[in-house]
Amino acid sequence: MRQWTQAKAGLPPVDLDDRDVTHLAPDTIRSIAHEVGFDLVRFGPAEPGEHGEHFLRWLEQGRHGEMQYLADNRDRILAPDRWRPGVRSAITLAADYGGPAGELPGGGRIARYAVGRDYHRWLRDRVFGLRKRLERAGLPFGSMNGGADAVPVLERALAVRSGIGFLAKSAMVISPVQGPYLQLAELLTAEELPFDAPASGTCGSCTACLQACPTGAITAPFEVDARRCLSYTTIEQRGFIAPELRAAQGEWLFGCDVCLEVCPFTRKSPLLGVAGSARPKDLQPHRIVQTWTLVDVLTMDAARYDNEFVGTAMRRATRSGLRRNAAIVLGNRGDEAALPTLVEALRDEDPVVRGHAAWAIGAIDAHRPELEAARAREPHAQALAEIEAALSRR
């Protein structure tokens, strides 16, 4: 994850308490934010409020899985003034990334937010551009700090408290005017801004996301166990994915959009039907999405990963994770044409890839003799267990 702060920009960190604040009209701030590319701009508290207690319970239940950085930063997340003393308000921002489903040629789905340019980059650029524009308009230099999916704040909590959208039963933020496909960002400021009212709208009696979640990760309204969520297992989780979650992964190579796709508010997204080169530049499909296949992903070496997975959020999953995911999707697709590649993967240097290749072969044709040969030579205990499980499907 990429972090943008003043220190990252080559400037010393600044305590907001040390800055004099010059007021700037709220409408001027909104106008500038829209000009730099944000669809929604709201003002609200900089702290998460009641959402903080929910966050603590979520951590205590272990539902964050391997995302230890959330637990390590809990104090700063709950009280942003510990991170940036003097903060008084949050300028919350959202950009719509809705569009057609992302899919590799021949199959393998990509969450919509990852289809185009790495959002950490383009969203950070917009936040940085907004800060510079606001400074030129009159806010003191160094009186704002912010970022996009990299700073210690509960972005969804700030978005809900400021009126960007309402909290959905999927725990996502849904705008009643833009829909659920929102990239969130924020600027914490020493400016005392007038807080906006909460957004209108609720999920009402709708439970479509709970019913559609492939793995049952939405355990109750507003409750998500990340350890079961495909957006966690295919991206954040390292190593072996639990066998009981693999068939439910279906076609998803990176992330998952199911809870958003079934949401009635999805139709609000203005970009939903805008495809290809007609999309905003930052949202146009990355060349990986346009040209690679699942077999390409499974067989890519380190050099190809380093050279070609540039400028895409999919790098977050790592080369090992993407190849693991590709093996699972190939197994779920049941494509016998992929068997030679999966058999070759039984000799891969990565035991995670070997183990998931064995699982995929077992899902397609457990009678392949290469599984027996792989069992005889496999030195890794967990990969060996995967081969044994594949053989047991005969």
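The values are calculated or read from the model by the stated rules, or taken from the named source; none is laboratory data. Note that this is a predicted model, so its numbers are computed, not measured. Note: ideal-geometry Cβ built from the backbone for every residue, glycine included; neighbour counts use all protein chains shown.
Residue-by-condition table, conditions (1) in contact with an Asp or Glu (Cβ under 7 Å, 6 or more places away or on another chain); (2) among the charged types (D, E, K, R); (3) at pLDDT 95 or above:
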{"residue": "A338", "(1), (2), (3)": "no, no, yes"}
{"residue": "E344", "(1), (2), (3)": "no, yes, yes"}
{"residue": "E349", "(1), (2), (3)": "no, yes, yes"}
{"residue": "W359", "(1), (2), (3)": "yes, no, yes"}
{"residue": "A373", "(1), (2), (3)": "no, no, yes"}
{"residue": "L384", "(1), (2), (3)": "yes, no, yes"}
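State which residue is nearest to E103 (Cα to Cα) when the search covers only the stretch 341-352 and only residues that are out of contact with any Ser or Thr (no Cβ under 7 Å at 6 or more places or on another chain) and crowded, with 18+ Cβ neighbours inside 10 Å. Please lay out each step first, then the result.
Taking the stretch 341-352 and keeping what is out of contact with any Ser or Thr (no Cβ under 7 Å at 6 or more places or on another chain), we get 342-349, 351.
If we keep only those that are crowded, with 18+ Cβ neighbours inside 10 Å as well, we get 342-343, 345-346, 348, 351.
Working: L342: 21, V343: 24, A345: 23, L346: 26, D348: 26, P351: 27 Å.
Top of the filtered list is L342.
Got a number for residues in the stretch 165-190 being more than 30 Å from P140 (Cβ to Cβ) and of a type in the set (D, E, K, R)?
The total comes to 1.
Being acidic (D, E) and under 15 Å from P26 (Cα atoms): is that true of E155 here?
No.
Having 2 or more residues that are surrounded by 16 or more Cβ atoms within 10 Å (Cβ to Cβ) and in contact (Cβ under 8 Å) with a residue 40 or more places away in the chain is the bar; report the strands (runs of 3 or more DSSP E) wholly within the stretch 144-226 that clear it.
144-147, 182-189
Does G129 count as out of contact with any His (no Cβ under 8 Å at 6 or more places or on another chain), over 21 Å from E223 (Cα atoms), touching a residue at least 60 places away in the same chain (Cβ under 8 Å) and in a helix (DSSP H, G or I)?
On the way: out of contact with any His (no Cβ under 8 Å at 6 or more places or on another chain): yes; over 21 Å from E223 (Cα atoms): yes; touching a residue at least 60 places away in the same chain (Cβ under 8 Å): yes; in a helix (DSSP H, G or I): yes.
So G129 passes the test.
Of the numbered conditions (1) assigned to a loop (DSSP other than H, G, I, E, B); (2) surrounded by fewer than 24 Cβ atoms within 10 Å (Cβ to Cβ); (3) not charged (D, E, K, R), W122 satisfies every one except a single condition; which is it?
(1)
Can you work out which of the residues in the stretch 259-279 that are among the polar types (S, T, N, Q) and under 20 Å from the mean Cα position of the chain (by Cα) is farthest from I174 (Cα to Cα)?
Among those residues, the one meeting the criterion is S269.
Restrict the check to the stretch 169-181 and report whether at least one residue is more than 12 Å from C263 (Cβ to Cβ) and of a type in the set (S, T, Y).
No, the stretch 169-181 contains no residue that is more than 12 Å from C263 (Cβ to Cβ) and of a type in the set (S, T, Y).
Looking at (1) surrounded by fewer than 22 Cβ atoms within 10 Å (Cβ to Cβ); (2) under 16 Å from the mean Cα position of the chain (by Cα); (3) of a type outside the set (S, T, N, Q); (4) within 27 Å of R76 (Cβ to Cβ), can you tell me which one G129 breaks?
Only one criterion is unmet by G129, namely (2).
Cβ-Cβ under 8 Å, sequence separation 6+ or interchain: first residue in the stretch 53-73 and buried (at least 16 other Cβ atoms within 10 Å of the Cβ), partner among the hydroxyl-bearing types (S, T, Y). Which pairs?
G65/Y232
Select the helices (runs of 4 or more DSSP H) contained entirely in the stretch 1-111, then report the ones holding at least 2 residues which are at pLDDT 95 or above and not assigned by TED's automatic domain parsing to the domain that holds S269.
Correct list: 26-35, 51-60.
Among the residues of the stretch 305-326, how many are of a type in the set (G, A, S) and over 17 Å from the mean Cα position of the chain (by Cα)?
2
Can you tell me how many residues within the stretch 323-340 are over 15 Å from E103 (Cβ atoms), buried (at least 18 other Cβ atoms within 10 Å of the Cβ) and not charged (D, E, K, R)?
Adding up the residues that qualify gives 4.
Within the stretch 279-296, does at least one residue satisfy the condition of being more than 29 Å from G65 (Cα to Cα) and among the acidic types (D, E)?
Checked the stretch 279-296: at least one residue is more than 29 Å from G65 (Cα to Cα) and among the acidic types (D, E).
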